[in-house]
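Step one of this worksheet: look at the structure below.
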Amino acid sequence: MKRKTVLITGGGTGIGKITARYLAEKGYNIVLNYRKSKTETESFIRELEQSFSIDAYALKGDVANVHDCKRLYEEVTSRSGGIDILIHNAGPYVRERKKLVDYPIEQWQYIVNGNLNSVFYLSKLFIPYMQRQKWGRIITFGFDRADDAPAWAFRSAFASAKTGLVSLTKTLSLEEAENGITVNMICPGDITDEWKERTIEEAKENVDASTPVGRPGTGEDVARVIAFLCDRSSDFLTGNVIHVSGGKDVIGKWRYTN
């Protein structure tokens, strides 16, 4: 059976990176998109090829830019023919606390483009191949309780884009169901930078009293759910918003203070 090919945006570091490793181990061919981490991403690609005997390559591009998305599509199509699984992992985030009135227009546009419009750009480009194959998987990323459209003070641009993406995810799942394409959203919980590329076994050796399950969340927690959604037999799961949070109410805790 032909190997499925996965494109992971922002896949050179963090959750995208550990997801790539997890899927490569299961036999998927991997295409990683990166914006700045050229050396690290290309080194990781060589590691995947040597460790798992798959086809893998990296492509530079900013998914917030429609022209870069078109170039990514052309390069992937030329090299792989198309993409079976599209994981929209990339999404700009501003850590600085800002009220809506304090956002420069250019920054607001960049955050919305990177988190919402990029999903439109790439999905529009790659879905026709999936339609012809009568099979495809699309994964988007949200935040804790994004499907409830919660208020998130000082995060208006990011929260607005992601809650809009919830509706887009569900809508796309209905439109493409007849073509064998599933579309689901993953909402990671409070997974800190130090744990994004680490494993569940490592986390079990650490205590996190603020999380009901009692340990930190890891990138592997997210990667395992993504792998399940990508499975050939997961065709009955579509239009879902899946929270990978260990039971922690992240937005409830930080809504007004972070």
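The values are calculated or read from the model by the stated rules, or taken from the named source; none is laboratory data. Quick caveat: nothing in here was measured; it's all calculated off a predicted structure. Glycine gets a Cβ as well: all are built from the backbone with ideal geometry, and neighbour counts include every protein chain shown. The accessibility values were calculated without ligands, DNA or RNA, using every heavy atom of the protein model including side chains. Shrake-Rupley method; radii C 1.70, N 1.55, O 1.52, S 1.80 Å.
Could you work out the per residue convex hull volume over the alpha carbons of region 24-65, in cubic angstrom?
Once divided by residue count, the hull of region 24-65 is 60 Å³.
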Requested in this report: When a/c is below 1.5 the answer is rounded, else prolate if a/b is larger than b/c, else oblate, so apply that to region 169-210 with a ≥ b ≥ c taken from the square roots of the Cα gyration tensor eigenvalues.
Outcome: prolate
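Taking a threshold of 18 Å on the Cα-Cα distance, which of the pairs LYS162/LYS196; LYS204/LYS248; LYS124/LYS170 fall above it?
Details: LYS162/LYS196 20 Å; LYS204/LYS248 16 Å; LYS124/LYS170 15 Å.
In this structure, LYS162/LYS196 exceed 18 Å between Cα atoms.
Quick one: if the Förster radius is 35 Å, what FRET efficiency do LYS36 and LEU174 give, using the C-beta to C-beta distance and rounding to 0.05?
Values: r = 36 Å, r/R0 = 1.02.
Computed FRET efficiency for LYS36 and LEU174: 0.45.
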Query - Per residue accessible area in Å² of the chain, where ligands, DNA and RNA are left out and the probe is 1.4 Å - result: 48
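Heavy atoms only, probe 1.4 Å: what % of the accessible area of the chain goes to carbon and sulfur, would you let me know? Mind showing how you got there, number by number?
Details: 6060 of 12370 Å².
Here it works out to 49 percent.
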Query raised in the report: What's log10 of I(q)/I(0) for the chain at q = 0.14, 0.16 Å⁻¹, Debye sum over Cα points only, no solvent?
Result: -0.95, -1.26
Query raised in the report: Can you list residues whose amide H is under 5 Å from HIS243's amide H, if they're 5+ apart or on another chain and H is modeled 1.01 Å from N?
Result: CYS187
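Give me the extension gain from GLN109 to TYR93: residue separation times 0.36 nm, minus the current Cα-Cα distance, reported in nm with one decimal. Walk me through the numbers on the way to the answer.
On the way: separation 16, 0.36 × 16 = 5.76 nm, distance 1.20 nm.
My answer for the length gained is 4.6 nm.
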Query raised in the report: If you plug each phi of region 150-164 into the Karplus form 6.51 cos²θ - 1.76 cosθ + 1.60 with θ = phi - 60°, what whole-Hz ³J(HN,Hα) values come out, in order, with x for Gly and Pro?
Result: x, 5, 9, 4, 6, 9, 4, 5, 4, 5, 5, 5, 6, 5, x
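Mean separation of Cα pairs under 8 Å and 6+ residues apart, divided by the residue count of region 24-121: what relative contact order is that in percent? Mind dumping the intermediate values first?
Numbers: 90 pairs, mean separation 25.6, N = 98.
Taking the mean separation of contacting Cα pairs over the length of region 24-121, I get 26 percent.
For HIS243, HIS67, give the ranking by accessible area with the largest first, probe 1.4 Å.
Working: HIS243 75, HIS67 130 Å².
Ranked list, largest accessible area first: HIS67, HIS243.
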Query raised in the report: Tell me, what HN-Hα J-couplings in whole Hz come from the Karplus equation 6.51 cos²θ - 1.76 cosθ + 1.60 at θ = phi - 60° for each residue of region 110-118, using x for Gly and Pro?
Result: 5, 5, 5, 4, x, 9, 10, 5, 4
Query - Computed over the chain: relative contact order in percent, which uses C-alpha pairs under 8 Å that are six or more apart - result: 20
Report summary line: Rounded to a whole number, the Stokes-Einstein D of region 165-243 in µm²/s (Kirkwood radius over Cα pairs; 10 °C; 1.306 mPa s) is 114
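Heavy atoms only, probe 1.4 angstrom, no DNA, RNA or ligands counted: give me ASP148, ASP221 ranked by accessible area, highest first.
On the way: ASP148 95, ASP221 30 Å².
Heavy-atom accessible area, descending, gives ASP148, ASP221.
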